[in-house]
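Engineer: Handing you this structure, nothing more for now.
The values are calculated or read from the model by the stated rules, or taken from the named source; none is laboratory data. The model shown is predicted, which means the values in this text are computed figures rather than measured ones. Ideal geometry is used to build each Cβ from the backbone, glycine not excepted, and the neighbour counts take in all protein chains shown.
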Amino acid sequence: MSLLLPTFTVIAAWLVWRSRQARRRAAHIDAFDLARLLDARLARRRSELDATQRSQAFEALREWFRVCNQVARKRVGMPSQAVDGGWHEFIPHTRSHRRFGRQARGRFPHHVSAGAMASPTRANEALRRSRRLACRRAGIDPRAPAALPPLYAIDAEPGIDDGFRCRLDCATAGSAGAGGYRAARTGCSGGDGPGGADGSDGGGCGGD
């Protein structure tokens, strides 16, 4: 009995610390001005996107980081070319990218090439995982979705000809008739702590 109280106290303190850390990371993601840092670069990279579409891409990238923070040692797939383009433009800002990773995810968010995908099966698992999380965050039942979450719908915007087209049943096709593996070629691992940690099962665009 004498050990129960100290053990309970330690566990309770750890849970409080973990909850506060999760809130701090979420607040940093919410507050970080992605558009100020990246808008001009994304406009050059994807000139077909107008200002409204770029703003939507940055908000979807913000949501992508939130989804990443919900996994623990598992990868989640990136379903959008437009959003991935925003992340690509974030990477050259090395100091800002590194600082953002530490404060928002607990680690530096490395971007892993598509060739790191271990297999089509794992790629599709990662895509389905991100879909479930994105649906839940948007208040959509992932088992019977009435709509796509914004992260999955953005590439259907006019002008994004090479975007991934996602369907309500989670089947995703690439712009050139590619199957789910190509559509799931990008991924991310969450940070440590409440945001998760990197998995060991491959990945595409992802943290490691």
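Engineer: Of all residues in segment 25-48, which are in contact (Cβ under 8 Å) with a residue 12 or more places away in the chain, out of contact with any Ser or Thr (no Cβ under 9 Å at 6 or more places or on another chain), surrounded by fewer than 22 Cβ atoms within 10 Å (Cβ to Cβ) and farther than 19 Å from Arg105 by Cα?
Structural biologist: Arg41, Arg45, Arg46, Glu48, listed by residue number.
Conditions tested, residue by residue: (1) over 20 Å from Glu157 (Cβ atoms); (2) part of a helix (DSSP H, G or I); (3) of a type in the set (D, E, K, R).
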position	(1), (2), (3)
Phe8	yes, yes, no
Ser19	yes, yes, no
Arg24	yes, yes, yes
Asp30	yes, yes, yes
Leu38	no, yes, no
Glu89	no, yes, yes
Arg99	yes, yes, yes
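Engineer: Between a residue in segment 127-140 that is under 14 Å from Asn69 (Cα atoms) and any residue that is of a type in the set (Val, Ile, Thr) and assigned to a helix (DSSP H, G or I), which pairs come within a Cβ distance under 6 Å, given they are 6 or more apart or on different chains?
Structural biologist: Taking only residues 6 or more apart or on different chains, the pairs are Ser130/Val67; Leu133/Val67; Ala134/Val67.
Engineer: I've got another one for you. Quick check on this structure: which one of Ala72, Ala82 is closer than 16 Å to Ala22 by Cα and either assigned to a helix (DSSP H, G or I) or at pLDDT below 90 (or both)? If you could, list the steps in order and put the result at the bottom.
Structural biologist: Working: Ala82 fails: closer than 16 Å to Ala22 by Cα.
Answer to the selection: Ala72.
Engineer: Has segment 107-114 got at least one residue that is modelled with pLDDT of 85 or more and of a type in the set (Ser, Thr, Tyr)? Steps first, please.
Structural biologist: Quick first cut of segment 107-114, residues modelled with pLDDT of 85 or more only: none.
So far as segment 107-114 goes, no, none of its residues is modelled with pLDDT of 85 or more and of a type in the set (Ser, Thr, Tyr).
Engineer: Related question: Could you say which residue among Asp155, Asp141, Asp162, Asp198 is acidic (Asp, Glu), at pLDDT 80 or above, crowded, with 21+ Cβ neighbours inside 10 Å and out of contact with any Leu (no Cβ under 7 Å at 6 or more places or on another chain)? If you could, list the steps in order and put the result at the bottom.
Structural biologist: Numbers: Asp141 fails: crowded, with 21+ Cβ neighbours inside 10 Å; Asp162 fails: crowded, with 21+ Cβ neighbours inside 10 Å; Asp198 fails: at pLDDT 80 or above.
Matching residue, one of Asp155, Asp141, Asp162, Asp198: Asp155.
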